[in-house]
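Bear in mind that the values in this text are calculations on the coordinates, not laboratory data. No experiment lies behind these values; they were computed from the predicted model shown. Glycine gets a Cβ as well: all are built from the backbone with ideal geometry, and neighbour counts include every protein chain shown.
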Amino acid sequence: MKRTAFIGILVGLSLIVAGAQSFVPGYLKYEYFPASNRQLLEAGTTDAPSFAGAIVGSDKSGFTTVFESGVAFADNYGNRFSGFFVPPTTGAYVFFVSSTFDSDLFVSTDDNPANKRLVAQVPTWTNHRVWNAMPEQRSDTWTNAATGTAPFAAGISLTAETPYYIEGVHNGGGGPDNFEATFKLLTDPDPADGDASRFQGNVIAVLVPQVTITTFVSGSILKVSWAPAVGHLESSPVLTATSWSNLGYANPTFVTVGASSNVFLRVVDP
């Protein structure tokens, strides 16, 4: 998915333009953290996610269309999926997670990340898309270590078409690696090992944050900066352009413009 914020600039003006937040179905946020792990991510003590790799969902952060990472693409890293689950049907749900190595899966009681609860985890490892290797990896048999109980044995009750924040955090150690999650209604058959994640399509969504673009013109030089500082800048002389020129990831970016030219800019993530 491309997150975009647009501005049109008449040379000689300085301005700040802020885009609105958007709720976008069909995507989850994916973050890749080289030389990190699950514990550091959950403690909030790791570095910023990396956008320097080649494939979003593997070694590059961005937005992905399914809750599945790449397989066997790196060693010694952490990665995280986050976004919203929008249940298609009201009912009691069971959530599953599969990974090499350890991972945690969280589901909130609503759309607020602050209300997320640990509902399933892989304490050691499983092979790719193996959903039934251990009781901890499914929410209805996951046991809270502090209480010794299975709090979600009767399923997790969710309301149709209501967004619930979800998050998965994974430790990719040395050797083979994979990370995926799926779900079912409590009364449905269990997913078979090898089944793809059901977290795709309109049952997932992401909230795209506001992008603020600041510009300043001095002579023929246009200085453009944006926050959050993610993505790259593109330009076009006309708003109806079918293709845009990629100006790169440098933030701020300096653009040379003509004395009486119109310039249209957009920030695209990733």
Exercise for the section: Determine ³J(HN,Hα), in whole Hz, for all residues of region 249-257 in sequence, where each value follows from phi through the Karplus function 6.51 cos²θ - 1.76 cosθ + 1.60 and θ = phi - 60°; x replaces Gly and Pro. Expected result: 9, 4, 9, x, 10, 10, 10, 8, 10
Completion exercise
With Cα springs under 10 Å, the Gaussian network model of the chain assigns the largest mean-square fluctuation among GLU180, GLU136, GLU161 to GLU161
Fill in the blank from the handout: With 0.36 nm assigned to each residue of separation and the Cα-Cα distance removed, ALA145 to ASN127 gains 4.1 nm
Exercise for the section: Hey, can you grab everything whose amide H is under 5 Å from the amide H of LEU186? Only 5+ residues off in sequence or another chain; H modelled, so Pro and N-termini drop out. Expected result: ALA92, TYR93, VAL94
Problem - Full-extension gain in nm, LEU247 to THR214, via 0.36 nm per residue minus C-alpha separation - result: 10.3 nm
Problem - Local net charge near VAL66, Cβ-Cβ under 11 Å (Lys/Arg +1, Asp/Glu -1) - result: -1
Practice task
Describe numerically, in nm with one decimal, the distance between label points set 7 Å from Cα along Cα→Cβ at THR187 and at VAL268.
Solution key: 4.7 nm
Exercise for the section: Only Lys, Arg, Asp and Glu count, each charged at its Cβ (+1, +1, -1, -1), so figure out the dipole size of region 22-208 about its Cα centre, rounded to 20 debye. Expected result: 160 debye
Practice task
With runs of 4+ DSSP H residues as the only contributors, calculate the mean residue ellipticity of the chain at 222 nm using -39,500 (n - 2.57) per run, divided by the residue total and rounded to the nearest 500.
Solution key: -500 deg cm²/dmol
Practice task
Quick one: order TYR32, TYR93, TYR27, TYR249 by neighbouring beta-carbon count within 10 Å, fewest to most.
Solution key: TYR249, TYR27, TYR93, TYR32
Practice task
Just rank VAL211, VAL263, fewest to most, by other beta-carbon atoms within 10 angstrom.
Solution key: VAL263, VAL211
Handout entry: Added length on full extension, which subtracts the Cα-Cα distance from 0.36 nm per residue, THR109 to GLN39
Key = 22.9 nm
Problem - Proportion of all alpha-carbon pairs of region 22-208 beyond 30 Å (%) - result: 11 percent
